[in-house]
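Working notes, beginning with the structure itself.
The values are calculated or read from the model by the stated rules, or taken from the named source; none is laboratory data. Note that this is a predicted model, so its numbers are computed, not measured. Don't worry about glycine lacking a Cβ; one is built from the backbone with ideal geometry, like all the others, and counts go over all protein chains shown. We work out accessible area using only protein heavy atoms, side chains counted, and drop any ligands, DNA or RNA first. Shrake-Rupley method; radii C 1.70, N 1.55, O 1.52, S 1.80 Å.
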Amino acid sequence: MERAPLVSVIVPIYNIAGRLPACLESLRAQTLTDFECILVDDGSTDESGAICDEFAASFPAARVVHKPNGGLSSARNAGLDVARGRYVAFLDADDELAPRTLECAAATKAENPEALIWWEFTRDPELYARACADQPQWELTRRSLQQSTANYTMVFIFVTGKLLEGDFIARQGLRFNEELGRPGFPGEDLDFMNRYIAARWAETDFPVVHIKTPLYYYFVNPNSLSHVAVANPDAPDPPEAGYCARLQKEYAALFEAQPDLLGGDLGLAGSSVQHYLRCLAFGIWSARELGEPLARRDWNDEMLRRMLRFCKANRIFVPYYIPFRLGNAAFIRRFYGWDRSYSIWYYRFKLLFRLLLRGWREPGSFKK
């Protein structure tokens, strides 16, 4: 029987012929040789499928799965169905991995088998070029320390940029929710990562290896489900039209698919609330920046009230709890503006809120 590879890299592909060769060549350039790449052509109507076949013919580690179009979750699941690696990494077809990515991730996992392994990303091609030439640097930290930083989205929401345990995913039968990951229904990453983390770690404050070198080049593609176009690669996300309504729709689908999202692990549930409130604040800020009409009833809905009740009942501290309890859109916008610009006023008000909610705990502090 053929020996299974150490790592399976799953690449979902749909109509991305222009960027796909760069992605595939970044896999060919990996210094780790003990891996396979599974290219899932999700019913592309351009040359993407042919590019995959041509690449696989010249690179034995590559396998191609051609399937009818089913969306991002369906494509990733098709990759998981045939993956043989002990570990799994996901790569979007318009992105790239630095040459030492898999080697560094596998080495740090071997040294820290109980840790979640993740690596930094960049949108800056010059910074990525330097990262490709550098020796990756990493640190061992914990979930609670990563959760309270700007790294939250990359560590605990996105499935890209990390090394997951493929054998564990197989034993648990974990798959992406195929009702999510379609246009108008994002949120598949958050749903999958919530279930993966809850199943994998009994201890909420588990170890995390943070590879500080930006090994993932995140290409800005305005047509991608997961990417947002920005003019400045390192600038905060620009305002988005209709964001509040899309966010509410996304979380309504999440709650329908996962009714116990706010049950069980208080750390994971608190993290979901923390993410939602900050995103909702972004939506309120966006509406003002774009001159969109946004009445209070458009964002102060039952979902928000449910999350605020959850925080109060469980004494979970998230920075946006008090701004939303006050219900003042102008203050929410200002607080978010301070947050995105790393203003000292954000940290001053956050400290004030902690004093007002003395005894409340941040999501990362909860242990089973």
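Take Arg297 and Ala4, extend 7 Å from each Cα along the Cα→Cβ direction, and tell me the distance between the two endpoints in nm.
Inter-label distance under the simple model: 5.5 nm.
Can you work out the accessible area per residue across the range 58-214, with the rest of the protein chains kept in place, probe 1.4 Å, in square angstrom?
Accessible surface, normalised per residue, equals 38 Å².
State the extension gain, in nm to one decimal, for the chain segment bounded by Arg348 and Leu290, taking 0.36 nm per residue of separation less the distance between their alpha-carbons.
18.1 nm
On full extension of the chain, what length is gained from Ser58 through Glu126, given 0.36 nm per residue of separation minus the C-alpha to C-alpha distance?
Extra length from Ser58 to Glu126 when fully extended: 21.6 nm.
If one takes the longest principal axis of the Cα atoms in the chain, at what angle in degrees, from 0 to 90 and to the nearest 10, does the Cα axis of helix 329-340 lie?
40
Length gain on complete extension for the stretch Asp81 to Ala199, per 0.36 nm per residue less the alpha carbon to alpha carbon distance?
40.6 nm
Taking the Cβ of Met193 as the centre, find all other residues whose Cβ is under 15 Å away and add up their charges (Lys, Arg: +1; Asp, Glu: -1).
0
Between Gln172 and Thr33, what is the label-point separation in nm under the 7 Å Cα-to-beta-carbon projection?
Taking the simple label geometry, Thr33 and Gln172 are separated by 3.3 nm.
Can you pull the percent of the range 237-335's accessible area that's carbon plus sulfur, 1.4 Å probe, other chains left in place?
49
State, to one decimal in nm, how far the label point of Lys249 lies from the label point of Glu179, with both points 7 Å from Cα in the Cβ direction.
The answer from the label model is 1.6 nm.
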